[in-house]
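Read the structure below first, then the notes.
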Amino acid sequence: MTSRIILCADMDAFFASVEQQANPKLRGKPIAVIGSAARTVVVTRSYEARAFGVKTGMNIYEAKNACPHIIFVPGDNEKYTYTCGELEKIYRKYTPDIEVYSIDEAFLDITETHHLFGGPVELAEQIKQEIKERFNINCTIGIGPNILISKLVSDISKPDGLRWVKDDEVSLLLEELPVKELWGIGPKTTEKLMAMGINTCGALGRAPVSLLRSRFGIMGEHLKAMGQGRCERVISVNEADPKTIGHSMTLPKDISSIRQIEAYMLQLSDMVGSRARKHGFAGSTVRLTIRYPDFETFTKQTHLPEHTNHTQEIYRAGVQILDSIKLKDKVRLLGISLSSIERVTGQMPLFKEKAKQKALLGAVDAINDKYGEFKITWASYSAMVERPKVIAPAWRPSGVRNIKIKK
Ligand code: TTP
Ligand code: MG
């Protein structure tokens, strides 16, 4: 593959910087962003607090001990996901090849576009300046020939840094670097490598592959490549955000039973919700489409107070619309869609209830991904489908149902 130029942008003290931007009284002060639960911990802290040794994961007593005048700020996920979405819009001005990797980190492939901005460093300076002007947030940008190196360079250039490590400078950078600094080498692997006398990336890159393979199996080769600064993983480009996520289905036969219509709506809501969750989107407009046997098509939408990708919230909005109309005939086709789309990222939710809901939806999606749609779905299907003419129910011991859809 021809050499690429990959940029990694990571916001400095992201949640804390957003809070300091939102409330000028917090600027220049040691602050810690915390969750809302009683026994919460520090999620992140401003660089002013870091100077006192306040660390992520400390409880509030530990944080106060380290820094008596620290200010605790409860986290507000909406602010962070909003900023994350706006940051992506900024990046898109510089290249279409973007991977939003986490809530405050993105990879940009600027191989084809950097010359339009005066070169990689000039492009990065413009991004930093634009983010500073718009959000008053510092960020650190690492540039390298692949994502492994760009991420490493961004990590070691914090805070407010900018550095480009070119292809022929990689081996010098890695020679003395401790292996634990490499993205993907955790404490256990570090320990094993050190026990083998491999402490630096330079040594890892030179280690015989047979030795690494005997200790780490197929990962051995991968580790050697990492030690040499090589990385096969290319950026996984995010498409520009969709405007709508929707599903519709022509029913096996025209129906008039409200309970059956609702059962299909729940199924459609689940298809929409799981697709939105899979791709990290949420929407605040739900639209119901109904087509009658004479092909006349009716649609009505409703706006939700908050963005969602939860099956049941989408479904409830759909039912609300259905309740508000009078069906003129049997129903031939049903559709549910979600629009006013925003990107949400898979960061640790700060709020317990949301976290629980998210974990449940995540587990349901994972099983459905593996075993096919609707292996697991909401038990309330059962309450609504009278006679399973079309949807065949099969109870499982866990209380969820195995649903097959007849084509
Ligand atoms: P990081 O980029 O790891 O940290 P940071 O941006 O606060 O600081 P740095 O300057 O070192 O980059 O994480 C980004 C945000 O994600 C962070 O502000 C808080 C949040 N976060 C979690 O929600 N859960 C976690 O476990 C961690 C580590 C971070
Ligand atoms: Mg960060």
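All of the numbers you see were taken from the coordinates with simple rules; none came from a lab. Since the model is a prediction, treat every value here as computed from it, not as a measurement. Please note: Cβ atoms are built from the backbone with ideal geometry, for glycine as well, and neighbour counts cover all protein chains shown.
Computed values, structure above
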item: Distance between modelled label sites at D167 and Q126, nm, 7 Å Cα→Cβ extension; result: 2.4
item: Enclosed volume per residue, in Å³, of the convex hull spanned by Cα atoms of region 14-77; result: 71
item: Sparse-neighbourhood loop sites, chymotrypsin sites (Phe, Trp or Tyr not before Pro) in region 233-316 - DSSP loop, at most 13 other Cβ within 10 angstrom; result: F295
item: Approximate spin-label separation M196-H115, in nm, with each point projected 7 Å along Cα-to-Cβ; result: 4.2
item: Contour excess over end-to-end distance, with Cα ends at K25 and S3 and 0.36 nm allotted per residue; result: 3.3 nm
